[in-house]
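Following: one structure in structure tokens, then a few remarks.
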Amino acid sequence: MIRPLSAATFTFFTVALLATGGAAMGQIAPEPEQIEEMLKGPADTPVVMVNLLRFKKEADAPDEGLSGQEAYGRYGAQMIRWVTSQGGRLIWSGRVDSMVIGDTDEYFHQVALVEYPSRAEFLRIAGDPRVAEFAVHRTAGLDMQWLIATTASTELLQAPSEEESDG
């Protein structure tokens, strides 16, 4: 079921998209179609957002003189406090050391797993006007992001039935 975006959520993400120059190579804001696709997932279950982050070498205003990672850190610390105050949680965060399997020209510096109570709650939390106050540090430091919505699954942990293993 596709749930329509609220006017406030649509406006927030449209402004974020325009402010960051759109979905160019260094995309850091979602396209409206990406939000609509995310909302097709299970509505009443937690969603874990997989954040793949690439930082600018040097941060833009208002964080000149800092690295992109340092500027993003100013955003990240405030965002995690906000997310946890709203019922979400940081599951794990760490730096990317190397790619073991895969071949791509894209690279990332950091990975973070953040759980939200639901997809709608993710949009509410991320779209809150308070976030815009400190999101300037995100924009100043972030070169590119992949944000992947995931739902818990045990399918990979189940042994095949006898019929499946005979085939």
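Quick note: the coordinates plus some simple rules give every number you see, no bench work behind them. A quick note: this is a predicted structure, and the numbers were derived from the prediction, not measured. So basically every Cβ, Gly included, is an ideal-geometry build from the backbone, and we count neighbours across all protein chains shown.
Remark: the stretch 43-55, residue by residue, has Karplus-estimated 3J(HN,Hα) of 6, 10, 10, x, 10, 9, 8, 8, 9, 10, 10, 10, 9 Hz, where x stands for each Gly or Pro and the curve is 6.51 cos²θ - 1.76 cosθ + 1.60 at θ = phi - 60°.
With neighbours defined as other Cβ atoms within 10 Å of a residue's Cβ, the residues TYR72, TYR116, TYR107 order from fewest to most as TYR107, TYR116, TYR72. Sequence-ordered 3J(HN,Hα) estimates for the stretch 68-77 from the Karplus curve with 6.51, -1.76 and 1.60 and θ = phi - 60° stand at x, 5, 5, 5, 4, x, 4, 5, x, 4 Hz, glycine and proline given as x.
Distances between placed amide hydrogens fall under 5 Å for SER67 paired with ALA59, all partners being 5 or more residues away or on another chain.
Scalar couplings 3J(HN,Hα) for the stretch 123-133, obtained by applying the Karplus form with A = 6.51, B = -1.76, C = 1.60 to θ = phi - 60°, are 5, 5, 5, 5, x, 5, x, 5, 5, 4, 5 Hz; x denotes Gly and Pro.
Electrostatic bookkeeping for GLY76 treats Lys and Arg as +1 and Asp and Glu as -1; over the other residues with beta carbon under 11 Å from its beta carbon, the sum is +2. For GLY88, no residue whose modelled amide H falls within less than 5 Å of its own remains once neighbours fewer than 5 places apart on the same chain are excluded.
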